[in-house]
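The values are calculated or read from the model by the stated rules, or taken from the named source; none is laboratory data. Nothing here was measured: the structure is a model prediction, and the numbers come from that model. Note that we place each Cβ from the backbone using ideal geometry, even for glycine, and neighbour counts take in every protein chain shown.
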Amino acid sequence: MSKMSTIPGRIFSFLLTLWLVSLFTFIVFQVIPGNPAQVILGAEALPEQVAALEKELGLDKPLYLRYLHWIGGIFRGDFGNSLRYGQPVRGLMVESLKVTLPVAGLALVFIVLLGFPLGLTVGKYHAQKQGVMLSVVAQLGTAIPSFWLGILMMLAFAKLFRFFTPGAFIPWDEDWLKALASLVPPALAVALPKVAVLTRYVSTAYVEEKRADYIRTAYAKGLAEKEVLYVHLLKNILIPVVTVLGLMSSDILGGSIIVEKVFALPGIGRLLIEAISFRDFPLIQAIALYLAGVVVSLNLLVDLSYSIFDPRIRWSR
């Protein structure tokens with residue numbers, strides 16, 4: 001029986017990673033050329049005005065004091081104020097995540113519901129005509145650009161199905177059902193290329209496991225096809241599949257910048273681009289910390305889930 005590293009050790013690694021990301025992100029955006037106060041006031045501002053705003057923003061203090069003030073605010077849920085919008089960063093991120101998280105959730109549902117059955121079908125019939133055709137389609141799906149697929153989704157739902165108004169997101173407090181419906185096309189645009197990727201991973205894992213000795217032994221015992229598939233084979237292909245799903249989740253929870261741009265969605269990806277364009281350092285730092293938190297959190301959850309799918313893997317305490 002193999003043992004993985006301890007749970008406290010993984011949690012410590014999780015917290016250490018977040019701290020290092022926060023430190024690196026803060027330092028990078030403090031030392032790169034450019035004065036946030038100058039950006040806010042414009043090129044025509046007088047030196048006295050710039051100096052006064054620097055003092056107001058705390059930019060005249062030593063770097064370590066600014067970091068301690070920023071990280072202390074994070075523990076209180078205060079990420080500072082946006083330089084561009086003049087609003088709390090936390091509020092801006094919450095409003096953006098109200099769009100990004102539902103799109104990511106819908107996309108994950110589509111990925112699992114489509115990618116897993118298709119992968120099993122391709123794996124089961126990999127040597128036959130229908131399996132080869134599905135495999136080719138999956139290969140093509142991985143090569144489709146997101147922006148082109150997004151445009152196709154807009155045309156399909158707006159022109160053919162009259163499903164939604166292109167470029168219009170309905171706020172949740174106005175009509176939550178219409179808001180959810182308006183997120184279906186962008187969610188599909190995010191999901192379909194990843195459905196193709198998951199299909200390939202599942203089919204490859206299926207073919208490899210189907211050749212394993214324990215599968216031949218199960219058939220030799222006279223077990224039915226469904227029992228061999230659902231009791232023995234599926235359990236062993238879940239670990240690589242869960243790993244891939246974890247990577248996909250990290251990707252789409254960070255916001256699909258291209259898809260959000262095509263559908264004019266006010267998500268976290270678009271907010272990040274605007275923050276970078278206007279050198280909005282407090283907003284950039286907060287979004288970078290969020291993205292790092294998503295990645296390391298999902299990696300931790302994926303590692304912890306391994307022991308559920310494979311009893312040989314145990315976490316020591």
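May I ask you to say which residue of VAL262, VAL231 is among the aliphatic types (A, V, I, L, M) and over 30 Å from LEU97 (Cα atoms)?
Result: VAL231 is the single residue among VAL262, VAL231 that is among the aliphatic types (A, V, I, L, M) and over 30 Å from LEU97 (Cα atoms).
Among the candidates PRO88, PRO117, the residue that is without any contact (Cβ under 8 Å) to a residue 60 or more places away in the chain and in contact with a strand residue (DSSP E or B) (Cβ under 9 Å, 6 or more places away or on another chain) is uniquely PRO88. The single residue among ILE284, ILE273 that is surrounded by fewer than 24 Cβ atoms within 10 Å (Cβ to Cβ) and outside the structural domain of LEU152 (by TED's automatic domain parsing) turns out to be ILE284. Using the structure shown, decide if VAL259 is at pLDDT 75 or above, crowded, with 18+ Cβ neighbours inside 10 Å and part of a helix (DSSP H, G or I). When the stated conditions are applied, VAL259 passes them.
Total residues in segment 209-228 satisfying the condition of being without any contact (Cβ under 8 Å) to a residue 12 or more places away in the chain and in a helix (DSSP H, G or I): the figure is 8. Return yes or no: is LEU92 closer than 30 Å to TYR206 by Cβ, in a helix (DSSP H, G or I) and within 24 Å of the chain's Cα centre (by Cα)? For LEU92, the condition - closer than 30 Å to TYR206 by Cβ, in a helix (DSSP H, G or I) and within 24 Å of the chain's Cα centre (by Cα) - is not met. Residue count for segment 230-244, restricted to those that are surrounded by 16 or more Cβ atoms within 10 Å (Cβ to Cβ) and modelled with pLDDT under 75: 1.
Among the criteria (1) modelled with pLDDT of 75 or more; (2) of a type in the set (Val, Ile, Thr); (3) assigned by TED's automatic domain parsing to the domain that holds GLY267, the one VAL89 does not fulfil is (3). Kindly list, by first and then second residue, each pair from a residue in segment 16-28 that is within 15 Å of GLY72 (Cβ to Cβ) to a residue that is surrounded by 17 or more Cβ atoms within 10 Å (Cβ to Cβ) and aromatic (Phe, Trp, Tyr), limited to pairs with Cβ atoms under 7 Å and residues at least 6 apart or on different chains. Here the result reads PHE26/TRP70, each pair linking segment 16-28 to a residue that is surrounded by 17 or more Cβ atoms within 10 Å (Cβ to Cβ) and aromatic (Phe, Trp, Tyr).
Of the numbered criteria (1) in a helix (DSSP H, G or I); (2) within 30 Å of GLU209 (Cβ to Cβ), the one LEU180 fails is (2).
The C-beta contact set for segment 33-53 (first residue part of a helix (DSSP H, G or I), second residue of a type in the set (S, T, N, Q) and modelled with pLDDT of 75 or more, distance under 7 angstrom, 6+ apart or interchain) comprises LEU41/GLN49.
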